[in-house]
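Let me begin by presenting the structure, written as structure tokens, before commenting on it.
Just so you know, all these numbers are worked out from the coordinates, no wet-lab data involved. Small disclaimer: the values here were computed from a predicted structure and weren't measured. Methodologically, a virtual Cβ is constructed for each residue, glycine included, from the backbone with ideal geometry; neighbour enumeration extends over all protein chains shown.
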There are 2 protein chains.
Amino acid sequence: MKAAAIPTRLASGGRRLTRQRVVVAKALAAARRALSAQELYERVRSGHPTIGRATVYRALEAQVEDGMASRFEREGHVSAYIACDAEHHHHLVCTRCQRVEDLAEGVVAPVLASVGRQRDFQVDHAALDFYGLCGSCRRRGR
Amino acid sequence: MKAAAIPTRLASGGRRLTRQRVVVAKALAAARRALSAQELYERVRSGHPTIGRATVYRALEAQVEDGMASRFEREGHVSAYIACDAEHHHHLVCTRCQRVEDLAEGVVAPVLASVGRQRDFQVDHAALDFYGLCGSCRRRGR
DNA sequence: GTCCAATATGAGACTGAGTGTCAAACACGC
DNA sequence: GCGTGTTTGACACTCAGTCTCATATTGGAC
């Protein structure tokens, strides 16, 4: 997501545009990898020492609701967050370096469609996340 | 999974076969829906009042490692567990009644294969879980 | 620009899922 | 049966995430 587009999307849906939410969103977008709320809190705090922990959690929650970020699981029962475009909600997550790549919607759409049709099931949301090693981590060896 | 097969699979991989692990595995298999560790602990305790909470957590963890169960996320950042066959690790999860259906491997395999090929990414495991309303919950209305 | 109501923030207490520790109990190969 | 190495149960502990509430900000109305 382009950094300039962040404020516009943050203000959508009747939410107020606050300095804190902008800071959190930009930090997440700049990371380009999956971060836990705690990690993001620590990053943000170096530039904004007065920001509250709860604020970061709330900002992330809001971003997930608004489709600006998505949440998934990391080892040890911790949620991690990644900034993403509105259209891309499926990911390749490198379990070593935590870098995340978007998965093209085209790969996923047929599966979503066929599941809805074949099974009597109304899909609300799907977690199509692939965990493994990205190219560079794999080449770097175990 | 057939109930009779449980002890055999529990003992695989050098793990010891204990009464507690059998009880936990059978309770999870009998539930036929996603349960949190706490919920399962409470169910198990009604028949085995002395079982420890940590034991249930450890048993579930072991089952996930051994592929006898899989874990996914429920609202409120709680893990839920579902017993599953070795081959079926993708699910349709009803967010209302928590019932879980297996997703046929055939639906999923092409996606897995194409991702591995097209992208420079070594897939270790994938979470292909669809959340939504099952047929009967949908018909029962909002 | 000023005012106001509604919303967001920060601080910190609180909750509860999940983990670590350790002595006692048990499984399993011999 | 015997010995050893794993597992258990109890419970203390950790820490991610939530709640509360007084204070501060936002953004629309004027």
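Results, tabulated for the structure shown:
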| read-out | value |
| --- | --- |
| Acute angle (nearest 10 degrees) that the helix B:53-65 long axis makes with the longest principal axis of chain B, alpha-carbon atoms | 40 degrees |
| Max mean-square fluctuation residue, GNM over chain B, Cα-Cα springs under 10 Å, options B:Ala34, B:Ala59, B:Ala83 | B:Ala59 |
| At R0 = 25 Å, FRET efficiency that the Cβ-Cβ distance of A:Asp124 and A:Val22 yields, to 0.05 | 0.30 |
| Kirkwood estimate for the protein assembly as shown, i.e. one over the average of 1/r between Cα atoms, Å | 20.7 Å |
| 7 Å along Cα→Cβ, label-point gaps from A:Arg139 to other copies, nm, shortest first | 5.5 |
| Mean Cα-pair separation over length for chain A, i.e. relative contact order, pairs under 8 Å, 6 or more apart, % | 20 percent |
| Cα-based Kirkwood hydrodynamic radius, the range B:1-43, one decimal, Å | 10.9 Å |
| Per-bin percent of Cα-Cα distances, the range A:34-101 [10 Å] | 21, 50, 28, 1 |
| With 10 Å bins from 0: P(r) over the range B:1-131, alpha-carbon pairs, percent | 12, 41, 33, 13, 2, 0 |
| Cβ-based net charge around B:Pro49, under 13 Å, with every Lys or Arg adding one and every Asp or Glu removing one | +2 |
| Value of [θ]222 nm, deg cm²/dmol, for chain A, DSSP H segments ≥ 4, -39500 (n - 2.57) each, nearest 500 | -12500 deg cm²/dmol |
| Rounded tilt (10° steps) of A:105-118 against the dominant C-alpha axis of chain A | 60 degrees |
| For chain B, built as a Gaussian network whose Cα springs stay under 10 Å, the top-fluctuating residue of B:His48, B:His91, B:His125 | B:His125 |
